[in-house]
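Undergrad: Take this structure first; my questions come after.
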Amino acid sequence: MTPSRDAPSNTASVIAGVIQRLSVSQLKRHKLCPRAWFFQKVMRLPEPTTGAQQVGTEGHAQLEHFLSTGEDVLGAFAKAGAHLLPTPGPDLLVEQPLDGVPPLTAGDIPFAGFIDLVDARRLASDGVLRITDHKFTSNIASNAASAEQLADANTEPGLQMVGYGAWALGQVERFPELRVLELEHLYYQTRGQRLAASVVASVPVEHVAREWRTKVEPQVEAMKEHAQAARASDVPANYGPACTKYGGCPFMAKCLTGENRPMSLRDKLLNKSDLPAVLPPDAPQPNPVQVAPEVAEQPAPKRRGRPPKSEQVAEVVRQRSVLFVDCMPTTFDGPPPMALTAYVDRMHRKVAEAGGVDDVRFAGSDSALGFGKWRGALAMAVRAEPPCPGHYFALGLAHSELMQVIVEALEPAFDVVVRGIR
């Protein structure tokens, strides 16, 4: 997807550890990975422009010209969504700046940037204001946000649209009748069939004000603290899906070198392609796995003839506490491993109750688990109360941050950890 664009500026966003200006794209980058934001805005490391960004920039320029003048300059991608656009006219606010009078602010820091489209044509009659952001994406079906996400500032798309809605709430003189905000993502597909789709979240103004106050304002306070960090390793990193999203983090090489290199399960396993087949449930064919060194080095039983190495490993596995990560055993004839899911749920509830929240991932700034501190608390609880010895499997780590934290904390408690490799 095309990221939001910052307003051009001759001044840096962060000077001497103090944030001078913000943007919704900064909020999104920080939400995705605080350390990536630190690299971008505090250390000011360059990042390349991708082909997808170029397509989005050209498409936005076409739409801006069309909505402002009515002249049809739409290219093939943008033209697919022409029927979803309002009739061009001077009453539409196109490329509306956030730093007008009054500007959008959070934590007393002004925002820069632009809103693609603000349509106030239903304001006088229905009290409705529609705010639209154009999104150019390779696949609408897999990449489009839901209406629920657009209304939730804890999600990346919602963080952006709630920010635009908060700007509208500050324009009291311009929108005095405002009662309902329609937050819209208008998608244009850039691969395969030329398609377009509109996703709209209709929310009362009170909802937007509450989301901004309870979710965005605390995030900005965290950004202020992170801006004062002496080095990147002092800023938390969100390892996992954030590293590969949007084609890969441009700062990954910098992040994974030296003192910033994370401890992972992969670092503690060997590359052995000739050990027993341990496959993800949906794998079409056998794939190699990585197995702990002590498994690979076990001697064969003293009997006539050497059994296959897979049988050697299976025998060792039967006698030890084993965790299968994103895989299932296929050459193991002992008791079937148990899913780690129930244990994850139990430990999450325990930490959440201790912190006074329903979900540790959404703990507010007033909670001891806020600002990502829940990860350390959950890991500590897991190390203090590991599951009973036995054989377990943990699937879907890429989609569960809770599972990621718990698996990393539990790894030292198991004799053998086996990870499937795709």
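Undergrad: Against the conditions (1) on the phi < 0 side of the Ramachandran plot; (2) open to solvent by 70 Å² or more (accessible area, probe 1.4 Å); (3) among the charged types (D, E, K, R), where does R44 fall short? Just the number, please.
TA: Failed condition: (1).
Undergrad: Are there helices (runs of 4 or more DSSP H) fully within segment 132-205 with at least 2 residues that are free of Cβ contacts under 8 Å to residues at least 40 places away in the same chain and either open to solvent by less than 10 Å² (accessible area, probe 1.4 Å) or of a type outside the set (V, I, T) (or both)? List them.
TA: Working: elements: 140-143, 147-150, 156-170.
Counting at least 2 such residues, we get 140-143.
Undergrad: Kindly establish whether V405 is over 30 Å from W212 (Cα atoms) and buried (at least 18 other Cβ atoms within 10 Å of the Cβ). Give the derivation first.
TA: Values: over 30 Å from W212 (Cα atoms): no; buried (at least 18 other Cβ atoms within 10 Å of the Cβ): yes.
Here the answer is no, as V405 does not meet what is asked.
Undergrad: Then there is this: May I ask you to verify whether L104 is in contact with a Gly (Cβ under 7 Å, 6 or more places away or on another chain) and crowded, with 23+ Cβ neighbours inside 10 Å?
TA: Values: in contact with a Gly (Cβ under 7 Å, 6 or more places away or on another chain): yes; crowded, with 23+ Cβ neighbours inside 10 Å: yes.
Judged against the criteria, L104 is a match.
Undergrad: For S13, only one of the following conditions fails: (1) crowded, with 20+ Cβ neighbours inside 10 Å; (2) touching a residue at least 40 places away in the same chain (Cβ under 8 Å); (3) touching a Lys or Arg at 6+ places or on another chain (Cβ under 8 Å). What is its number?
TA: The one condition S13 does not meet is (2).
Undergrad: Please specify each residue of segment 65-107 satisfying the condition of being in contact with a helix residue (DSSP H, G or I) (Cβ under 6 Å, 6 or more places away or on another chain) and not β-branched (V, I, T).
TA: The first filter runs over segment 65-107 and keeps only residues in contact with a helix residue (DSSP H, G or I) (Cβ under 6 Å, 6 or more places away or on another chain), leaving 73-75, 77-78, 88, 92, 94-95, 98, 102, 104, 106-107.
Hits for segment 65-107 are L74, G75, F77, A78, P88, L92, E95, L98, P102, L104, A106, G107.
Undergrad: When you scan segment 135-152, do you find a residue that is in contact with a Phe, Trp or Tyr (Cβ under 8 Å, 6 or more places away or on another chain) and within 20 Å of P204 (Cα to Cα), even just one?
TA: Checked segment 135-152: no residue is in contact with a Phe, Trp or Tyr (Cβ under 8 Å, 6 or more places away or on another chain) and within 20 Å of P204 (Cα to Cα).
The values are calculated or read from the model by the stated rules, or taken from the named source; none is laboratory data. Everything numeric here is computed off the predicted structure, so don't read it as measured data. All Cβ positions, glycine included, derive from the backbone under ideal geometry; neighbour counts span all protein chains shown. Quick note on the areas: whole protein, heavy atoms, side chains included, nothing else; ligands and nucleic acids left out. Shrake-Rupley method; radii C 1.70, N 1.55, O 1.52, S 1.80 Å.
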